[in-house]
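One structure is given below, encoded as structure tokens.
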């Protein structure tokens, strides 16, 4: 029962946050130095004479007071209608809908790389703690992580696409094209999870149950398996939390490798001043984050009842 | 001064401080050190090799890479520091107002922070730059707007911790004004937390600003900036891959120095507490 109340509380707490974000997404445009009607005309290559601008303002509903416009926009957005793109007059919801699957595919491959590398390396380094391999690998990870992703992306592209010609430089053709962007994206995150898993395992190694298992004469292999099981729990939560972060963090990588995802859509919308797309992007990202943190909180309350009771 | 002794005995910290100081000084004195005008193209000398005249060669327009790198410090590093300072000031202001004011003021500021912190600063920055349009000023504004809430929250909790200490109570009973208490007692007490936060985050700000410039959302050509230089190098990657090395290494070294230094300062100030998990148990 408590968990149910907790969930209801959290859902109610989300509403003001979402209203605040939609407010921001909407009103930032009125801060913008250029008139959206004029922008919309220019991108359609119509000379913005005063009369045309006026009729465009009517068409876009810009002649109404700000609050009414906000209410209208919010109502439409809640129904999934984000208006039309200024550039090609296509529905924003379709444009974004087309861009989401490539981003999700990229994120899925990235997540697979992050989890496999950090789990395997984390286990190996924790088991052989303090060995030369552990130290070298940790140093390597540290330096790779300190490299800016846009530089790593370029270096990887040059080495594997230009020099060796193993993967395509950009675009989305076939499975191989996802590898370079996914590796670039995962490099930023690997160190966090690698460290988390390694440190968790080292901490768990000192627990009493390990001592007990060892005194029972269990095989080292079995003991490691037990340690792993215990230390993966918290790491998995952290990994789950990183999914929305990854989806929002693809912007630079998608632009380097010309990956037709949502980050690239957003940046090209910024260049074209295609406000409806930017607004929809911001709103969807905010929704994604709020919902994801809700789900994670709920799941952890479910898994660990103590958390739910405290709130 | 236990703090200085600890920092002095930390070789890594000393190396980082020297690197950062060297970078900052060369940025400030760029007009005197730079061998050429960073904006002046010389098409006859494009893609020049490393030579006495061009110590790091030239780019696709024949502009001296070393000069562009040095002038780039001004936009990349100095501007990031300014952004950081502005973000900190706004955050400190709101943090103190919320923590010291308490009650309804506190509630309002914190709810605003909740909204801003409900999604990551990268998205927030992109949103603001998107609405206001590309450009360096907008990027700086966006970074401040996206990050201040985080500092406000941190500083608020520090202020609340310090507020209930005896010396503050004593100052209040002695009839000191709130402003006096904040200036004389609260700010010095939270200054060290602020410094750590600032150093730890400067690397992030540099990456963020140069990343946006790399996407051409920040600095506009021909202003020299490290991210922008990488962006230019990208287009000629197949023919002249070496162009990517100089700006990339510059960003890497500077960011890594700030990150290492942040960890060292934090260790020196409070060996037990850990703001970030970047320095692990050894």
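The values are calculated or read from the model by the stated rules, or taken from the named source; none is laboratory data. In this text, all values refer to a predicted model and were calculated from it rather than measured experimentally. Glycine gets a Cβ as well: all are built from the backbone with ideal geometry, and neighbour counts include every protein chain shown.
Couple of notes before you dig in:
- Given (1) surrounded by 12 or more Cβ atoms within 10 Å (Cβ to Cβ); (2) more than 14 Å from chain B (Cβ to nearest Cβ); (3) part of a helix (DSSP H, G or I), number of the condition residue A:229 does not satisfy: (1)
- Scanning segment A:234-250 for residues that are free of Cβ contacts under 8 Å to residues at least 40 places away in the same chain and more than 14 Å from every other protein chain (Cβ to nearest Cβ) returns a single hit, A:236.
- Residue check for residue B:105: in a helix (DSSP H, G or I) and crowded, with 19+ Cβ neighbours inside 10 Å: no
- For segment B:56-66, the set of residues classified as within 12 Å of residue B:226 (Cα to Cα) and crowded, with 24+ Cβ neighbours inside 10 Å consists of B:65 only.
- Residue match in segment B:156-164 (condition: within 14 Å of another protein chain (Cβ to nearest Cβ), at pLDDT below 85, more than 27 Å from residue A:16 (Cα to Cα) and not in a helix (DSSP H, G or I)): no
- Residue within segment B:165-175 that is closer than 23 Å to residue B:77 by Cα and either surrounded by 15 or more Cβ atoms within 10 Å (Cβ to Cβ) or touching a helix residue (DSSP H, G or I) at 6+ places or on another chain (Cβ under 7 Å) (or both) present: no
Yes/no matrix, rows are residues, columns are (1) closer than 18 Å to residue A:91 by Cα; (2) modelled with pLDDT of 75 or more:
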site: A:16; (1), (2): no, yes
site: A:20; (1), (2): no, yes
site: A:31; (1), (2): no, no
site: A:34; (1), (2): no, no
site: A:40; (1), (2): yes, no
site: A:48; (1), (2): no, no
site: A:57; (1), (2): no, no
site: A:62; (1), (2): no, no
site: A:74; (1), (2): yes, yes
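- Residue match in segment A:164-179 (condition: surrounded by 18 or more Cβ atoms within 10 Å (Cβ to Cβ), touching a helix residue (DSSP H, G or I) at 6+ places or on another chain (Cβ under 9 Å) and in a helix (DSSP H, G or I)): yes
- Restricting segment B:210-227 to residues that are within 11 Å of another protein chain (Cβ to nearest Cβ) and in contact (Cβ under 8 Å) with a residue 60 or more places away in the chain, the residue that is surrounded by the fewest Cβ atoms within 10 Å (Cβ to Cβ): B:216
- Just one of the listed residues (A:246, A:216, A:228) is over 12 Å from the mean Cα position of the chain (by Cα) and at pLDDT 85 or above, and it is A:216.
- Just one of the listed residues (B:176, B:192) is more than 30 Å from residue A:278 (Cα to Cα), more than 16 Å from the chain's Cα centre (by Cα) and touching a residue at least 12 places away in the same chain (Cβ under 8 Å), and it is B:192.
- Matching option when the condition is within 30 Å of residue A:164 (Cβ to Cβ) and assigned to a helix (DSSP H, G or I), among B:262, B:248: B:248
- Boolean, residue B:89 is in a helix (DSSP H, G or I) and in contact with a helix residue (DSSP H, G or I) (Cβ under 8 Å, 6 or more places away or on another chain): no
- When A:121, A:99, A:132 are screened for being surrounded by 18 or more Cβ atoms within 10 Å (Cβ to Cβ), at pLDDT 80 or above and over 16 Å from residue A:282 (Cα atoms), only A:121 passes.
- Residues satisfying the stated conditions in segment A:263-277, i.e. within 11 Å of chain B (Cβ to nearest Cβ), surrounded by 17 or more Cβ atoms within 10 Å (Cβ to Cβ) and modelled with pLDDT of 85 or more: A:263, A:264, A:266, A:267, A:269, A:270, A:277
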